[in-house]
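In what follows, a single structure is set out as structure tokens and then discussed.
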Amino acid sequence: MESENGTKTILSDERLLDLIEALHDRSTAGVTELAEVTGLSKGAVHAHLATLESRGFVVNDDGRYRLGLEFLRHGIPVRNQYEYEPMCAKAEQLAEETGERVWAQVEENGMAYYICGARGEHHIEPPVRIGERAHLHQIAGGKAMLSCLTDGRIREIVDKHGLPAATEHTITDEADLFDEIERIRERGYAFNREESVMGLHAVSTPIKKGEHGVYGALVVSGPANRLTGEKLESQLPNLLLGAVNELEINIRYG
């Protein structure tokens, strides 16, 4: 097989990863269900599961399979490759100051990953969790991180992942996206006005690394009726800009 960029891939590996993705999307699943979802035969599913189970990546609970904690053992070092601790410490501080939900996000392979989060006194629970990913153009943190990349890199990401809509407010046109990115570059922060979830607003500032690099982004999110007007347009952006300035210095010289 060939990947999207034309590189040769191994079919059995592709099928194994499809199976892992299917298990990720479910709390538990049986062989028949996984065969239907992945298009594999029951025998192939069972063989893959047996391999994963023998290595601790899958647990068999009376014929229902779930992902195992072996993924966690590998996932923590992956997370720690990023500036995890200082970003998450700053997210905790901002959550206490704002009372809202605060996220730290990073970009990898053209997607935004929620690396950690903090809950303020008045936070709401959005339909995302730590470790999940989102399209960069759909969320404030993603657009903030895009603003730190070269135009060429942004086009590569759009070519690979497209501009799918999450809501009726999501940017789905490449020219509109570049217009938005230019505005973000000028002011230093990005907004999400119901572009990923209806009823949710957010503001984000990128954590820059050099001229065309980015460590990640800090995001303050909350209900649209509360994050509006001067709070959304001025108060939170100014707070984020100050927090990120401190964070960039600590990462660079800490």
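What GluC sites (Glu not before Pro) in the range 123-192 are in a loop by DSSP, with at most 12 other Cβ atoms within 10 Å of the Cβ?
Details: sites: Glu132, Glu156, Glu168, Glu174, Glu180, Glu182, Glu186; in loops: Glu132, Glu168.
Those that pass, being in a loop and sparsely packed, are Glu132, Glu168.
At what distance in nm do the modelled label points of Leu72 and Ala165 sit from each other, each positioned 7 Å from its Cα along Cα→Cβ?
4.0
With loop defined by DSSP as not H, G, I, E or B, and exposure as at most 16 other Cβ atoms within 10 Å, which is the longest segment of the chain clear of exposed trypsin sites (Lys or Arg not before Pro)? Write down the numbers at each step before the final one.
On the way: sites that count: Arg26, Arg55, Arg129, Lys209, Arg226.
Longest gap between qualifying sites, sites excluded: 130-208.
Quote the relative contact order of the range 82-253 in percent (integer), defining contacts as alpha-carbon pairs under 8 Å separated by 6+ residues. Walk me through the numbers before you get to the answer.
Details: 340 pairs, mean separation 39.1, N = 172.
Contact order relative to length: 23 percent.
If I measure Cβ to Cβ between cysteines in the chain, which ones have no partner under 4.7 Å?
Isolated Cys, the chain: Cys148.
What is the gain in length, in nm to one decimal, between Asn80 and Glu36 on full extension, counting 0.36 nm per residue of separation less the C-alpha to C-alpha distance?
Numbers: separation 44, 0.36 × 44 = 15.84 nm, distance 3.60 nm.
That pair, Asn80 and Glu36, stretches by 12.2 nm at full extension.
How many nm is it between the label spots at Glu121 and Ala175, if each spot is 7 Å from the Cα in line with the beta carbon?
Distance between the two pseudo-spin positions: 4.8 nm.
Identify all lysines with a Cα-Cα distance to Lys208 below 21 Å; exclude those on the same chain that are fewer than 8 residues away in sequence.
Partners found: Lys90, Lys143.
Put a dot 7 Å past each Cα toward the Cβ at Arg153 and Leu17; how far apart are the dots in nm?
The answer from the label model is 2.1 nm.
Take the Cα of Asn238, step 7 Å along the line toward its Cβ, and report every residue of the range 101-130 whose backbone nitrogen sits under 12 Å from that point.
none
Quote to one decimal, in nm, the extra length available between His24 and Ile130 on full extension: 0.36 nm per residue of separation minus the C-alpha distance between them.
36.8 nm
Kindly write out, for the range 39-50 in residue order, the coupling ³J(HN,Hα) from the Karplus curve 6.51 cos²θ - 1.76 cosθ + 1.60 (θ = phi - 60°), rounded to whole Hz, with x marking Gly and Pro.
x, 8, 6, 4, x, 5, 4, 4, 5, 4, 5, 4
Under a point-charge model restricted to the Cβ atoms of Lys and Arg (+1) and Asp and Glu (-1), what is the dipole moment magnitude of the range 61-159 relative to its Cα centre, in debye to the nearest 20? Mind dumping the intermediate values first?
Values: 12 positive and 17 negative charges, 43 e Å.
Here the size comes out at about 200 debye.
Bear in mind that the values in this text are calculations on the coordinates, not laboratory data. All values reported here derive from a predicted model rather than from experimental measurement. Don't worry about glycine lacking a Cβ; one is built from the backbone with ideal geometry, like all the others, and counts go over all protein chains shown.
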